[in-house]
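Nothing in this text is a laboratory measurement; each read-out follows from the coordinates by a stated rule. Just so we're clear, the structure is a prediction, and the values are computed from it rather than from any experiment. Glycine also receives a Cβ, built like all others from the backbone with ideal geometry; neighbour counts cover every protein chain displayed.
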Amino acid sequence: MNQRYAEAPTVIEAVNKVLGRPLRVEPAAVEAKFTHDFLEQTLIEQLLVHKGKLGAFDYVQTVSQGRTLFLGEGNLSFSLALAKLRPTVAKDFTATTFEPARRLSPAALQNASQLARMGAKVLNGINATRLQTHFGATKFHSIIFNFPNVASRTPIYGRNPNHILARKFLRSAAGQLVRGGLVVMTVVDSSFYAGAFGLPAAARFAGFGEPEIHKFKPSRFPGYMHANTLGGQSALAKYRSFSTWVFRLP
């Protein structure tokens, strides 16, 4: 094993030799990607470690600054919870679901009715990666997307599909923000999920600066009950720790 390792010109080739894998055609490129992925994962872990310094994100203050777009709302309980915390700004809310209206749950229909009575706009069948198709030139101060998840681990272009979702969503959202606007995304707080989404890389891809990370406490939003878009157990029931990532254009 040591001899085979010593004969290999790069770390990647050494690993391939030891494991009996075929050598890559361009080992330098593979090693560069390996180094990049390692450094990115290290950055993610450091961001997660220090996120508590920023405290909880002030959603109520943020939605008071202008139009707010909510995406992937499922049962519409998060937008409704914020509307109840600051009723005067509900008229500036556009709350959306990925599901078409015919597939909404009874709870979602009830919440949609309450939002409409408070002055909010409720839309269904909205794809978070194609916002210009749905909203054209309309701009928002805040775009909020809680627990995005495609419910699949089948790789797309060699990457976790949630990473592809994050990249496409952030690039789409960047075009719908007013000057000084921001994107707010909440995910499960773990290095695994952070690595799967690859949010720092997705932010760079979409033209955002380094994201801020805050603690997310569901108990601050009475009535909020996360619903998984494709069914299954709610993230709030399955996990105990969550992070809110805030993206701003430079």
Using alpha carbon centers only, segment 73-99 is separated from segment 110-138 by a whole-angstrom value of 9 Å
Of segment 69-86, those with amide N under 12 Å from the point 7 Å along the Cα→Cβ vector of MET225 are 75-78
Yeah, segment 71-206 with a ≥ b ≥ c from its alpha-carbon gyration tensor (a/c under 1.5 is rounded, else prolate when a/b outruns b/c, oblate otherwise) is prolate
By the mean-Cβ-within-10 Å protection proxy, highest first, 201-208, 182-189, 132-139, 169-176 rank as 182-189, 169-176, 201-208, 132-139
